[in-house]
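Undergrad: Got a structure here, written out as structure tokens. Questions coming.
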Amino acid sequence: MNRIADCFQNLEQQNKKALIPFITAGDPDKDITLELMFELVKAGANMIELGVPFSDPMADGPVIQRASERALEHHTNSDDVFDIVSEFRKKDATTPIILMGYLNPIEVMGYKVFAEKAENAGVDGVLVVDLPPEESLEFSQIFQKHNIAEIFLVSPTTRQERLQRICEVGSGFLYYVSLKGVTGSNRLDVAAVAQKLEEIRAVSKLPLGVGFGIKDAQTAADVSVICDAVVVGSALVERVEEYNGDAASLKTNINSFIQELRQAMDKQQ
Amino acid sequence: MSEEVINHSNQHKQTLKNMPDRAGHFGPYGGRFVAETLMGPLNELEQAYCRYIKDSDFVAELEHDLKHFVGRPSPLYHAKRWSEQLGGAQIYLKREDLNHTGAHKVNNTVGQALLAKRMGKHRVIAETGAGQHGVASATVAARYGMECVVYMGAEDIRRQSINVFRMKLLGATVVSVEAGSKTLKDALNEAMRDWVTNVDDTFYIIGTVAGPHPYPAMVRDFNSIVGKEARRQCLEINDRLPDAIVACVGGGSNAIGLFHEFLDDNDVAIYGVEAAGDGIETGHHAAPLNAGKPGVLHGNRTYLMEDNYGQIIETHSISAGLDYPGVGPEHAWLKDSGRANYVSVTDTEALQAFHDLTRIEGIIPALESSHALAYAKKLAAGMTKNQTILINLSGRGDKDIHTVATYEGITL
């Protein structure tokens, strides 16, 4: 079973684009993360990107850094992340789950053990921010064997020859980083993104996701026209931070935010 | 036929000096583990570095500034009184403390700033722990008329207020980093975030032999002047190479700068000294090569201080410059290969060596370098009087007098 490919196929038939929210596992705690995942799906999310907390999140802006810190305050670890996904899978067998994080927590567990545990928990893809294709040969072989897609980033600074290499090894979808910077940076420039996506489409048939800098319904809607999936992270995590401790209000707020994005995106199609 | 065999073996003569490989690997260590946005800029940096390091104009300008601005070559000093008191080997100090700005760090910042200039980048950024690399970066930025931003952990800013003021006097902006443990590793994260955002006009001057390729090789090359000079000076003074060479290891830039030139001299024993803090057994230390395990951080694979789930743990050392949970990948490789020995000394031992050198030789050493001195003391005692130890005295200790006073309960 390949939940990511199925998801894109279903959306295409409905003439819709994928909405992929990002939250950090264990922020503010494991139970709330699980509840939020169900809430996100209920409000219109098509896949979920689950952040694996790391002590040194070099590619993240302050919002997601603080999310990692909150999760690490009570020692959320990779096994906790697998527990959350397993629990989610008991009630939701179709929504793809993508783990996003840094290499060291995977390296310390061992690629093989991590991939086995992830597969057993029901994880569909991994995006390892600091693992470029040049260093990922062994990693790719192992994760492929466990039916876990390896999602790679493409950035405004990615040159043609590397783009081709990334497209060859990537699976699931490609994640275009819409601007130079860290997560949660300034608003993106839709026209510039559109131009780069054209270049990518010329060399790859993989679906294209866009993230970094999507803060509101309008941007999500504008971007959805030119790509296959819209990733929203910091704007969502800011809400988790704001309602820290008040799970009921957090769920209501997040539900309406995701619905707003969903409706704005669907209107464009 | 025998001639053929000899030629063949000559061609394959083992050298340890030709690392890393093309992708920046030192055996299993090193490499380039960064987010996609930095891959292009790192390729561009690597190409520029490879080009200019062979460019005679660039090399001439570098040599000129090392001589006239930094004050190279630095002397090799025979610590006669100290050697005598220790009763063993003769100790020689490579006086990097006499460089402009007071440490070896400036060898690298001059090189990288000149490279930045060639690459058309007018803004330089740097991370700093104790503030020595920050000062060395701010210094060259002033010298070459560049904008300079230095990232420094809030905790280190508190501990090193004099260096913070020096950087400001030199025209740099010092940004306080409040994330994580508020120390060097967090400053490095924040500098990387700046670089990824402003990569078009900004050059990131990394201060140690860590980070993604080509930094470990480039920073080593700019610091290897230390070993080149010291090796030549040893031959001039004693007509022979030293029996042992010793340097402290945090990220490891002064150590690799000394070691690299001696790697193929198999009779020279090499010792890298890590910070054991309160003692390795207490867990409060900064000794990844002695007590850590391999992992990936700050763009390279190397030995790290981490917990069972791969989270980086906080380190401790009396010396802010050694207070780092990782170490340069070439050191990781030299450890595994057995060519270099990595040992450690505690805060207390380093402090005693700090006082010894100050009182016996009239040289106040940096607390970082005091770790090398402390280990050399132990080593010298077990050696004979006609043997020699070469120590990299990587920096001067003026910056540390407040730390020493506080540690000893003295109010200045």
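The values are calculated or read from the model by the stated rules, or taken from the named source; none is laboratory data. Treat the numbers as computed from the prediction; the structure is a model and nothing was measured. As a convention, Cβ positions derive from the backbone with ideal geometry for all residues, glycine included, and neighbour counts pool all protein chains shown. Surface areas here come from the heavy atoms of the whole protein model, side chains and all, with no ligands, DNA or RNA. Shrake-Rupley method; radii C 1.70, N 1.55, O 1.52, S 1.80 Å.
Undergrad: Any residue in segment A:57-70 that is at pLDDT 95 or above, surrounded by fewer than 24 Cβ atoms within 10 Å (Cβ to Cβ) and not in a helix (DSSP H, G or I)?
TA: No, the conditions are met nowhere in segment A:57-70.
One line per residue, one yes/no per condition, for (1) closer than 29 Å to B:VAL177 by Cβ; (2) of a type in the set (Lys, Arg):
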site	(1), (2)
A:ASN10	no, no
A:LYS16	no, yes
A:THR24	yes, no
A:LEU36	no, no
A:VAL41	no, no
A:ILE48	no, no
A:ASP56	yes, no
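Undergrad: Count, please, the residues in segment A:96-121 that happen to be more than 11 Å from chain B (Cβ to nearest Cβ), open to solvent by 10 Å² or more (accessible area, probe 1.4 Å) and under 15 Å from the mean Cα position of the chain (by Cα).
TA: 1
Undergrad: Against the condition more than 8 Å from chain B (Cβ to nearest Cβ), open to solvent by less than 10 Å² (accessible area, probe 1.4 Å), under 20 Å from B:PHE33 (Cα atoms) and not hydrophobic (A, V, I, L, M, F, W, C), how does A:GLY125 come out, does it pass?
TA: Yes.
Undergrad: Among the residues of segment B:176-193, is there at least one that is among the β-branched types (Val, Ile, Thr) and within 13 Å of chain A (Cβ to nearest Cβ)?
TA: Looking through segment B:176-193, at least one residue is among the β-branched types (Val, Ile, Thr) and within 13 Å of chain A (Cβ to nearest Cβ).
Undergrad: Can you name the residue in segment B:14-36 that is facing another protein chain (nearest Cβ under 8 Å) and in contact with a strand residue (DSSP E or B) (Cβ under 6 Å, 6 or more places away or on another chain) and is also nearest to A:LEU174 (Cα to Cα) among such residues?
TA: B:GLU36
Undergrad: What is the number of the single condition among (1) open to solvent by less than 20 Å² (accessible area, probe 1.4 Å); (2) in contact (Cβ under 8 Å) with a residue 60 or more places away in the chain; (3) not in a helix (DSSP H, G or I) that B:ASP194 does not meet?
TA: With respect to (1) open to solvent by less than 20 Å² (accessible area, probe 1.4 Å); (2) in contact (Cβ under 8 Å) with a residue 60 or more places away in the chain; (3) not in a helix (DSSP H, G or I), B:ASP194 is out only on (3).
Undergrad: Only one of (1) surrounded by fewer than 23 Cβ atoms within 10 Å (Cβ to Cβ); (2) out of contact with any Asp or Glu (no Cβ under 6 Å at 6 or more places or on another chain) is not met by B:GLN90, so which one is it?
TA: (1)
Undergrad: Scan B:ASP278, B:ASP267, B:ASP221, B:ASP239 and give me the residue that is open to solvent by 10 Å² or more (accessible area, probe 1.4 Å), touching a residue at least 60 places away in the same chain (Cβ under 8 Å) and over 12 Å from the mean Cα position of the chain (by Cα).
TA: Going through B:ASP278, B:ASP267, B:ASP221, B:ASP239 in turn, just one is open to solvent by 10 Å² or more (accessible area, probe 1.4 Å), touching a residue at least 60 places away in the same chain (Cβ under 8 Å) and over 12 Å from the mean Cα position of the chain (by Cα): B:ASP278.
Undergrad: Which numbered condition trips up A:ASP31, out of (1) open to solvent by 70 Å² or more (accessible area, probe 1.4 Å); (2) under 13 Å from A:ALA229 (Cα atoms)?
TA: That leaves (2) as the condition not met.
Undergrad: Considering segment A:178-203 alone, what residues qualify as being in a helix (DSSP H, G or I) and modelled with pLDDT under 90?
TA: Scanning segment A:178-203 gives A:VAL190, A:ALA191, A:ALA192.
Undergrad: Taking segment B:110-135, which residues are in contact with a strand residue (DSSP E or B) (Cβ under 7 Å, 6 or more places away or on another chain), among the aliphatic types (A, V, I, L, M) and part of a helix (DSSP H, G or I)?
TA: Scanning segment B:110-135 gives B:ALA113, B:ALA116.
Undergrad: Can you tell me which of B:SER181, B:SER253 is open to solvent by less than 10 Å² (accessible area, probe 1.4 Å) and among the hydroxyl-bearing types (Ser, Thr, Tyr)?
TA: B:SER253
Undergrad: Applying the selection to segment B:367-395, what residues are open to solvent by 10 Å² or more (accessible area, probe 1.4 Å) and either modelled with pLDDT under 95 or of a type in the set (A, V, I, L, M) (or both)?
TA: Of everything in segment B:367-395, those that are open to solvent by 10 Å² or more (accessible area, probe 1.4 Å) and either modelled with pLDDT under 95 or of a type in the set (A, V, I, L, M) (or both) turn out to be B:LEU379, B:ALA381, B:MET383.
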